1. Of everything in segment 352-364 that's surrounded by fewer than 21 Cβ atoms within 10 Å (Cβ to Cβ) and within 23 Å of the chain's Cα centre (by Cα), which residue is farthest from Ser409 (Cα to Cα)?
2. Can you name every residue in segment 539-576 that is of a type in the set (A, V, I, L, M), assigned to a helix (DSSP H, G or I) and under 30 Å from Glu200 (Cα atoms)?
3. Out of everything in segment 373-389 that is without any contact (Cβ under 8 Å) to a residue 60 or more places away in the chain and not in a helix (DSSP H, G or I), what residue ends up being farthest from Asn303 (Cα to Cα)?
4. Within segment 390-417, take every residue that is out of contact with any strand residue (DSSP E or B) (no Cβ under 6 Å at 6 or more places or on another chain) and in a loop (DSSP other than H, G, I, E, B) and give me the one that is surrounded by the fewest Cβ atoms within 10 Å (Cβ to Cβ).
5. I need the full set of residues from segment 180-194 which are closer than 19 Å to Val474 by Cβ and either open to solvent by 30 Å² or more (accessible area, probe 1.4 Å) or not in a helix (DSSP H, G or I) (or both), in order please.
6. Filter segment 46-65 down to residues that are among the polar types (S, T, N, Q), farther than 19 Å from Lys120 by Cβ and open to solvent by 40 Å² or more (accessible area, probe 1.4 Å), then give me how many there are.
7. Mind counting the residues in segment 516-537 that are open to solvent by less than 10 Å² (accessible area, probe 1.4 Å), in a helix (DSSP H, G or I) and not small (Gly, Ala, Ser)?
8. List the number of the failed condition for Ala544; all other conditions in (1) more than 30 Å from Ala447 (Cα to Cα); (2) buried (at least 23 other Cβ atoms within 10 Å of the Cβ) hold.
Amino acid sequence: MNQSHQKAKTEIQPEKDFIAGSYRWFTYSADVTGLRLICLEDLTTGTIATTTIANPTKRTAAHKAWAGARQSRAAGMPWEILYEMGEKGVDPDQKLEEMFRGYGHASVGDMARLAVDLGKIPMHLCLALFNEGYLNSGQEKSTRYQASFGKAVLHPIRHYVSEGLLKEDVEPLEEEYQSFGVVSLELFAKYKAVLLRAFEQYYQADTTKPAEKSALLSRVLDCVRYFLLIGQWSGMSFETSARDWSRIIAELRASPLPYYRKVAAQLEKLLAPTTEEEEILHYKAEAPGLIRHTAPLLTTNINLHTLKQFLEDKTDLLQRVPIHSGFPIRVDQRVSMIDPLNTEGDRLVAAYVLLLWPGLEREQLLNWIHTQNDETKNAISAIIFSGHTTYCEMPGFGRTTRMTLVIESFLGELRDLNRHRAWGRFFPLPLVFGERLTKNTVEQIVARGFGLPLYLTDIQAFSDYKTAYERDLVSYYVKLEKFLEKVSATYRDTIDYSFVLNLLPLAHQVDLWMHGDPKQASYFTMQRSRPGGHINYRALAYEANQLLATFDPYLSAMRLLKKPDPTSREEFFDRS
């Protein structure tokens with residue numbers, strides 16, 4: 001960052017700024033930011049949420065949704081419909097409210113699109129929001145284009161442990177917990193310098209050429225991101241409908257993570273402020289009347305708890321299916337497909353079960369689920385579907401199909417591939433759905449192991465760096481295991497262990513299930529295998545393509561012919 005840019009950043013002053021309870025509102029004028037920017041900071045978490053408004057005197061998004069909704073009941077042309085809002089004496093807010101409350105169709109809420117930017121948030125919140133959205137568009141801060149991740153802040157532990165813990169207990173915990181962030185950034189910086197030299201020499205980079213210099217840095221950042229932690233700060237932009245925002249807010253309010261529940265309240269406050277707050281800030285929110293039904297959607301988590309009791313008390317699941325445990329070791333990435341014999345229902349049940357016991361062996365679990373008698377299957381079905389209605393939908397991971405890729409890779413790649421929202425997606429981390437995290441649950445998650453960039457594992461010239469990477473990651477996990485045991489010895493089961501999720505490096509192994517169709521399979525594998533992408537997910541996309549092409553003879557023509565090659569100088573510098 002150059003000095004002039006740093007100076008410009010410090011000179012941007014908000015036009016309005018006031019405190020309301022635990023929130024700080026501040027705004028920027030359109031003269032400064034192009035569009036009027038409304039900002040809301042949660043003073044307890046430090047998280048900042050912002051949204052732009054097109055017209056400070058009109059509820060633009062709601063107005064558009066109203067006009068669209070009127071098409072079903074008004075015979076006129078668009079200008080005649082919109083003229084109703086311009087008639088003398090009409091109160092637009094009242095007309096919108098009457099329409100939305102009396103219309104009876106949730107589709108009205110899908111016609112109002114709202115964009116929110118979030119800053120000072122942990123990477124896993126970006127992961128969760130992309131996973132829960134399927135009408136959305138958005139972007140997360142990229143570890144390959146922003147070297148500033150080398151200074152990323154680890155989200156404080158106090159947002160994850162019980163608020164009942166005494167300050168004198170939290171402070172020493174926080175100090176030791178933050179030491180993991182220090183180690184992460186030290187390793188990031190160490191290997192960034194080392195790999196820049198090694199890759200420059202191996203691929204014969206001409207750093208006088210801006211394109212090659214930029215490509216070299218991006219490939220290095222792709223590799224050193226493996227040391228970053230999923231709980232370190234990031235930021236994102238997320239755009240979806242008012243109806244979808246309402247659902248997401250309600251789901252976050254039911255999350256087992258205390259921090260997510262605070263984010264839910266902050267999002268609702270930003271999108272649906274009080275009349276008094278609007279008057280102080282001199283603007284009208286885009287569609288506050290469409291942010292509705294935001295009470296905690298507890299149904300899925302209640303059903304998960306009931307299912308856990310049923311499986312423990314009424315079945316032999318935990319006696320028949322082993323749970324992977326032990327110290328994490330280096331593992332290789334791979335792609336597999338779930339056997340077509342396993343029904344959509346089998347896959348749905350497996351997802352529920354893996355949120356409860358993420359260490360269960362997948363193939364044996366699916367076989368156990370598939371071979372249960374009808375009485376057991378009906379009992380499990382009754383639990384899973386209990387309480388779900390048109391107003392309380394099933395979770396997004398219920399979008400199962402018979403075409404399921406299981407991407408056995410690492411959190412860094414999961415962040416990339418999870419953005420393909422047209423696929424039904426699932427990963428066994430209890431971020432939004434699940435029970436309060438126990439020591440046993442996080443041990444199952446940690447035991448999955450870790451992986452390395454293919455540049456290091458597949459190229460003999462980098463074997464020493466592979467050994468060093470592995471050694472440093474093992475040392476990190478040793479430190480993590482000792483910290484976990486120390487916390488457990490002090491607090492036993494009285495503490496929430498969700499803070500451990502923050503300490504998982506992007507090298508950590510977590511499965512991603514992708515349920516799709518031929519259209520998405522073709523697009524996904526072509527898009528993600530292109531030379532410009534990170535070598536690990538390019539290899540995964542190619543492997544997925546080969547499996548899909550043999551899955552069904554009618555899909556054979558989608559087979560890609562060129563396998564990604566980490567040794568190729570041409571591919572290394574190709575940004576297409």
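1. Step one: list which residues in segment 352-364 are surrounded by fewer than 21 Cβ atoms within 10 Å (Cβ to Cβ), which gives 356-357, 359, 361-364.
Pick out the ones that are also within 23 Å of the chain's Cα centre (by Cα) and you get 356-357, 359, 362.
Working: Leu356: 21, Trp357: 19, Gly359: 15, Arg362: 15 Å.
Across segment 352-364, the extreme among qualifying residues is Leu356.
2. Ala539, Leu540, Ala541
3. The extreme case among them is Asn373.
4. Of everything passing the filter in segment 390-417, Thr390 is surrounded by the fewest Cβ atoms within 10 Å (Cβ to Cβ).
5. Restricting attention to segment 180-194, the residues satisfying the condition of being closer than 19 Å to Val474 by Cβ are 180-188, 190-191, 194.
The answer is Val182, Val183, Leu185, Glu186, Lys190, Val194.
6. So in segment 46-65, the residues among the polar types (S, T, N, Q) come out as 47, 50-52, 55, 57, 60.
In the following step, the residues that additionally are farther than 19 Å from Lys120 by Cβ were identified as 55, 57, 60.
From the residues that got through so far, the ones that are open to solvent by 40 Å² or more (accessible area, probe 1.4 Å) too are 55, 57.
So the answer is 2.
7. 4
8. (1)
The values are calculated or read from the model by the stated rules, or taken from the named source; none is laboratory data. Remember, predicted model here, so these are calculated numbers, not experimental data. With ideal geometry, Cβ positions are generated from the backbone for all residues, glycine too; neighbour counts draw on all protein chains shown. Side chains included, ligands, DNA and RNA excluded: accessible areas come from the protein's heavy atoms. Shrake-Rupley method; radii C 1.70, N 1.55, O 1.52, S 1.80 Å.
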